[in-house]
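The values are calculated or read from the model by the stated rules, or taken from the named source; none is laboratory data. Source: prediction; values computed, not measured. Cβ sites come from the backbone with ideal geometry, for glycine too, and all protein chains shown count toward neighbours.
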Amino acid sequence: MAFSTRRVAVAILVAALAIRVAWVFATPDYRLVHDALDYNRHAISIANGDGFALSYGRETAFRPPAYPIFLAGVYWLFGPSLEWARLANALVGTGIVGLIGVICAQMWSSRVALIAMALAAVYIPLILVGQSVMSEPLFVLCLLGAIACAIRRWPLAAGVLMGLAVLGRANALILLLPLAWAVWKGPKPALIMVVACALTIVPWTIRNYVVLDHFVPVSTQLGSALAGTYNSEAMNNTENPAAWMSLKRVDDYRPIFNRVRETNEAVLEKELRSASLDYIKDHPGSPFKVAYWTSRRMLDLGGWDWAIHTAGTVSAGKRAGAAGIVCFWAFALLAIGGAFTRRAREAPLWLWSVPVLMYLGVVFLVVETPRYRMAIDPFVIMLAALALSALTTKRTQVP
């Protein structure tokens, strides 16, 4: 980037950080809900030197460790303050804006990079998730960092960042395939990246084996994710078809869940996973029903009330949630146009496979917007930037 371009980029990053910090201070009544309660509880326990907190009175590997450890570092430095936790995520969100620009500059041009950064700075869904005490911002930061390193063919750095991303969301493991494709100059760089990723994850896997006495690579979430979706109550729900339900409200698996306090978490996960797969075998059309409805929900087309409700899972108010939905629709329309530009077609297929794989990683389970879409949104922003870049270029060329 030229010096003037760098100055504009820095100005955009400062503006992005200011917007996010202002949002934190404008919402002093923020309250922890749902997953954020767990992240906060684990972080306080780790910061106090007690390790991960117990779940239902027994050891747990339900929450991937990257974000609780990051949050524990914030609490260790500044004390267990929600304001500091949110400000830390505001900084992470600003890093996401910067990495979107880096990837666009690597792939296309500084012009596209600046447009993408400007769009990311004001993209409301990223701001909404970024203002919450949730794991997705850190996960997306590591993921985009891994992609930027893979483009530069830095396999060691890409592998470590990919490992950290997996420790944020276990379904990111599948992204090793496109990133191996990206660094490929023969098998050696891809092998270095995979080994670096594995070595980053292994200490947590060993910890899980020690405390749970079972092989758990990252998390025990899959069983409850499957069971909460693949059950008769969820499938027969006429208001929100095939939407994930808390296992406390699912009669099909009550005999399993009622033993939650006395059952090893890894064993419980296996039992729930097995029972869910049995349900799918008995109802082979259920995955297609889930995929249809979760796809609609990912596009915020599954019903206005549901979209507002799921925005509430990151403690976003109704007005903020509604603004995020409308913002996503506007960006998505631009992204559709950007997908048909020459520059989008010239980008390597492995890059576009990342959002596709992230979509496939959740579409058969559960989707809550905006947070479950956060790994895909940077690519929506990139495509929107390509559309705007092409449009403004044509206008300047008109005599």
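The table below gives the values:
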{"read-out": "Entirely in the range 228-297, the helices (runs of 4 or more DSSP H) that have 2 or more residues that are modelled with pLDDT under 95, in contact with a strand residue (DSSP E or B) (Cβ under 9 Å, 6 or more places away or on another chain) and among the β-branched types (Val, Ile, Thr)", "value": "none"}
{"read-out": "Matching entry among TYR292, TYR279 (being under 25 Å from the mean Cα position of the chain (by Cα) and free of Cβ contacts under 8 Å to residues at least 60 places away in the same chain)", "value": "TYR292"}
{"read-out": "Of all residues making up the range 147-175, the number that are hydrophobic (A, V, I, L, M, F, W, C) and more than 22 Å from VAL366 (Cα to Cα)", "value": "13"}
{"read-out": "Among residues of the range 82-108, those that are among the hydrophobic types (A, V, I, L, M, F, W, C) and within 17 Å of PRO348 (Cα to Cα), counted", "value": "7"}
{"read-out": "Positions within the range 290-331 being basic (Lys, Arg) and loosely packed, with under 15 Cβ neighbours inside 10 Å, in sequence order", "value": "LYS318, ARG319"}
{"read-out": "Members of the range 45-58 that are farther than 27 Å from ARG259 by Cβ and either crowded, with 18+ Cβ neighbours inside 10 Å or in contact (Cβ under 8 Å) with a residue 60 or more places away in the chain (or both)", "value": "ILE46, ALA47"}
{"read-out": "ARG41 vs. criteria closer than 24 Å to VAL216 by Cα, charged (D, E, K, R) and out of contact with any His (no Cβ under 7 Å at 6 or more places or on another chain)", "value": "yes"}
{"read-out": "Restricting the range 165-181 to residues that are crowded, with 24+ Cβ neighbours inside 10 Å and among the hydrophobic types (A, V, I, L, M, F, W, C), the residue that is nearest to LEU138 (Cα to Cα)", "value": "ALA165"}
{"read-out": "Helices (runs of 4 or more DSSP H) lying entirely in the range 115-208 (those with 2 or more residues that are within 14 Å of the chain's Cα centre (by Cα) and at pLDDT 95 or above)", "value": "124-130, 136-151, 155-166"}
{"read-out": "From the options GLY159, GLY186, residue that is crowded, with 24+ Cβ neighbours inside 10 Å and out of contact with any strand residue (DSSP E or B) (no Cβ under 9 Å at 6 or more places or on another chain)", "value": "GLY159"}
{"read-out": "Failed condition for ALA88, given (1) within 26 Å of GLY163 (Cβ to Cβ); (2) touching a residue at least 24 places away in the same chain (Cβ under 8 Å)", "value": "(2)"}
{"read-out": "Residue under evaluation VAL211, criteria (1) in a helix (DSSP H, G or I); (2) over 17 Å from LEU268 (Cβ atoms); (3) out of contact with any Phe, Trp or Tyr (no Cβ under 8 Å at 6 or more places or on another chain), criterion not met", "value": "(2)"}
{"read-out": "Selection from the range 59-93 of residues that are among the charged types (D, E, K, R) and either surrounded by fewer than 14 Cβ atoms within 10 Å (Cβ to Cβ) or not in a loop (DSSP other than H, G, I, E, B) (or both)", "value": "GLU83, ARG86"}
{"read-out": "Subset tally (residues that are among the aromatic types (Phe, Trp, Tyr) and surrounded by fewer than 19 Cβ atoms within 10 Å (Cβ to Cβ)) for the range 349-358", "value": "1"}
{"read-out": "Conditions (1) touching a helix residue (DSSP H, G or I) at 6+ places or on another chain (Cβ under 8 Å); (2) in a helix (DSSP H, G or I); (3) without any contact (Cβ under 8 Å) to a residue 60 or more places away in the chain; (4) of a type in the set (A, V, I, L, M); number of the one not met by ALA22", "value": "(1)"}
{"read-out": "Residue count, the range 25-44 (criterion: in contact with a helix residue (DSSP H, G or I) (Cβ under 7 Å, 6 or more places away or on another chain) and free of Cβ contacts under 8 Å to residues at least 60 places away in the same chain)", "value": "3"}
{"read-out": "The range 25-49: number of residues that are modelled with pLDDT under 95 and among the β-branched types (Val, Ile, Thr)", "value": "2"}
